[in-house]
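For reference, the structure discussed in these notes is given below.
The values are calculated or read from the model by the stated rules, or taken from the named source; none is laboratory data. Bear in mind that the values here come from a model prediction, so they are computed numbers and not experimental data. Don't worry about glycine lacking a Cβ; one is built from the backbone with ideal geometry, like all the others, and counts go over all protein chains shown.
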Amino acid sequence: MLKNNFEQMIAMQPKERKKVKNTLSKSLVSGKKGLTYSKKWVDVICNIPLIAHLIRAAERFNDRMGNQFGGAIAKRLNFDYTILSANKISV
């Protein structure tokens, strides 16, 4: 039967356990550095005026339910076109 990670770590010798802890702590430090680096790059990119404008516009569009509004308009236009074409009235 397979043991979970915690049971495996308890079963290890102290020297092996220390090696695993050092590896894990190095991994955490590296992960934090990578995350910090990524956050800095995101901030730099978001401070470009055009990118900042596009982000704000997308947020406004989503906040105002732009997809639903656009869908409603498209459905209405399709409905109107169907009625006009059924009656053979030119626009």
Residue under evaluation Ser90, criteria (1) part of a helix (DSSP H, G or I); (2) polar (S, T, N, Q); (3) modelled with pLDDT under 75, criterion not met: (1)
If I filter segment 22-67 down to residues being more than 18 Å from the chain's Cα centre (by Cα) and among the small types (Gly, Ala, Ser), which single residue comes out as surrounded by the most Cβ atoms within 10 Å (Cβ to Cβ)? Gly66
Determine if segment 72-80 includes at least one residue that is surrounded by 10 or more Cβ atoms within 10 Å (Cβ to Cβ), at pLDDT 80 or above and within 19 Å of the chain's Cα centre (by Cα). no
